[in-house]
Amino acid sequence: MSLRHRPEHLTGPDQGGQEEAQRDEDVRVLLVDDDPLVCSALDLMLSSAGLSVVGSAGDGDQVVTAVQRHRPDVVLMDVRMPRVDGLTATRELLRLPDPPRVLVLTTFAEDSAVMRAVEAGAAGFLLKTAPPAQIIESVRAVAAGEGVLSQSSVRELLEHVATHPVVTQQRETADRLGRLTPREREIVVRVARGRSNADIARELFVSEATVKSHLTGVLTSLGCSSRVEVAVLAERAGWLREPSAVAS
């Protein structure tokens, strides 16, 4: 699985390191997994990176209570659990006022898990086989308001959309995408290809702040809550099958 890195901050080593550490300490993470060993490993991994693991839950029916108690920024959510699965728990969680963002972390064997995670409202989806550095960076990205999909998850998601007629028939998709400017279209296609904000900024020779500004406008124009939803719309419209849509 490929690992996307963000460029280093252009600050002095002491100042930049202190700022990064402070940001990480401010990110509160709740772990949800029925395997205590997985929770322990994730706790150790995230804590060693400076992130604040504020609690854990062993099943989906404990998530809402745990979130209300610990007030996390990000919930790292397993899918398969004994009583209530993670996607049902995600839907219930997102009904709360000001809910945390959910990053689904599960096994590749979950059939159509990526699409179901998107439909449930998850901000991202990663495999449990992802390298620790990718999991840590993804938690940071989700906390910062970005969506996260591994490259293999992007492929699974878009293949699912492309091969399921019922899913692909969303009303007024073409009209919604027609509201975008040429620059926004360039960014949308790259988002759907799994590019990070830093990747897009480098490819289009703009700042990361400019990319974030355009993405905010895109989400507002399309009525989407995440970049993952934007990726689905781009595939439904056939944009990713256009050779000139984005550079390889």
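Laboratory data are not the source of any read-out in this text; all were calculated from the coordinates shown. Since the model is a prediction, treat every value here as computed from it, not as a measurement. Neighbour counts are summed over all protein chains in view; Cβ atoms, including those assigned to glycine, are modelled from backbone coordinates with ideal geometry.
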Convert each backbone phi in the range 31-47 into a coupling constant with the Karplus relation 6.51 cos²θ - 1.76 cosθ + 1.60 (shift: θ = phi - 60°), then list the ³J(HN,Hα) values in order as whole Hz, x for Gly and Pro.
9, 10, 6, 7, 9, x, 5, 5, 4, 5, 5, 5, 4, 4, 4, 6, 5
Going by amide H atoms built from the backbone, whose H comes under 5 Å of the H on Leu126, apart from near neighbours?
Val104, Leu105, Thr106
In whole Hz, with x marking every Gly and Pro, tabulate ³J(HN,Hα) for the range 123-137 from phi via Karplus 6.51 cos²θ - 1.76 cosθ + 1.60, θ = phi - 60°.
7, x, 8, 9, 8, 5, 7, 5, x, x, 4, 6, 5, 4, 5
Highest-first arrangement of 128-134, 74-80, 96-102, where packing means the average Cβ count within 10 Å
74-80, 96-102, 128-134
If every Lys and Arg gets +1 and every Asp and Glu gets -1 at its Cβ, then about the Cα centre the range 170-241 yields a dipole, in debye to the nearest 20, of 80 debye
With θ taken as phi - 60° and the coefficients 6.51, -1.76 and 1.60, list the Karplus ³J(HN,Hα) couplings across the range 52-68 in order, rounded to whole Hz; mark glycine and proline as x.
9, 7, 9, x, 8, 9, x, 7, x, 6, 9, 5, 4, 4, 5, 5, 5
Value of D in µm² per second that Stokes-Einstein yields for the range 170-241, Kirkwood Rh from Cα pairs, at 25 °C (0.890 mPa s):
205 µm²/s
Would you please give the residues with an amide H less than 5 Å from that of Val53, counting only those at least 5 places away or on a separate chain, with H modeled from the backbone geometry?
Val29
